[in-house]
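The values are calculated or read from the model by the stated rules, or taken from the named source; none is laboratory data. None of the values given here were measured: they were computed from a predicted structure. Neighbour counts are summed over all protein chains in view; Cβ atoms, including those assigned to glycine, are modelled from backbone coordinates with ideal geometry. Accessible surface areas use protein heavy atoms only, side chains included; no ligands, DNA or RNA. Shrake-Rupley method; radii C 1.70, N 1.55, O 1.52, S 1.80 Å.
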Amino acid sequence: QSNYDLSPSYLLFLTSMLLFLALFPGAFDCCTKISDEIPKGILRRVERFEIQKADGLCHLEAVILHIKGKKFCGNPWNRKVKKMMKKMKHKIHRSKSHVRKQRRIRIIKQKEQKQ
């Protein structure tokens, strides 16, 4: 008898854990603590953010700030965090409408050239 014999129940446990990790890759990537005060320097360098809901796999409501491969978990009710989120959404919205406008102009020019 060797030390490497695995019982069927242990194999079932390992298989179910691997399946769980495959189906829910972010399950262990939740914010467990949030910071109430985030320095302005960090808020200025945020590249993108996500909203973590307090349902499903994560049990804490948070804003996940992404800065150069690092994550910071902030309080979603913090005034500075809310302001940063609003500013970022405005920038994203503006850039999308700008692209849409350029595409529309290009389509109009193509139609004019065909006539």
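Quick check: is even one residue across segment 28-47 at pLDDT below 85 and open to solvent by 70 Å² or more (accessible area, probe 1.4 Å)? I'd like the intermediate steps shown before the answer.
Step one: filter segment 28-47 for residues at pLDDT below 85, giving 28-29.
From what is left, the residues that are open to solvent by 70 Å² or more (accessible area, probe 1.4 Å) are 28-29.
Within segment 28-47, one or more residues are at pLDDT below 85 and open to solvent by 70 Å² or more (accessible area, probe 1.4 Å).
Kindly indicate the residue of segment 48-59 that is among the charged types (D, E, K, R) and in a strand (DSSP E or B) and also least open to solvent (accessible area, probe 1.4 Å) among those meeting that condition. Even if it seems obvious, please write down each step before you answer.
Initially, segment 48-59 is screened for residues among the charged types (D, E, K, R), giving 48, 50, 53, 55.
Narrowing the set further to residues that are in a strand (DSSP E or B) leaves 48, 50.
Values: Arg48: 127, Glu50: 77 Å².
Among those that are among the charged types (D, E, K, R) and in a strand (DSSP E or B), it is Glu50.
Given the criteria open to solvent by less than 70 Å² (accessible area, probe 1.4 Å) and modelled with pLDDT under 85, does Leu65 qualify? I'd like the intermediate steps shown before the answer.
Values: open to solvent by less than 70 Å² (accessible area, probe 1.4 Å): yes; modelled with pLDDT under 85: no.
It is false that Leu65 is open to solvent by less than 70 Å² (accessible area, probe 1.4 Å) and modelled with pLDDT under 85.
What tally of residues in segment 60-75 results from selecting those that are under 13 Å from Ile42 (Cβ atoms) and in a strand (DSSP E or B)? Before you say what the answer is, go through the steps one by one.
Restricting attention to segment 60-75, the residues satisfying the condition of being under 13 Å from Ile42 (Cβ atoms) are 63-68, 70-74.
Pick out the ones that are also in a strand (DSSP E or B) and you get 63-67, 70-74.
So the count comes out to 10.
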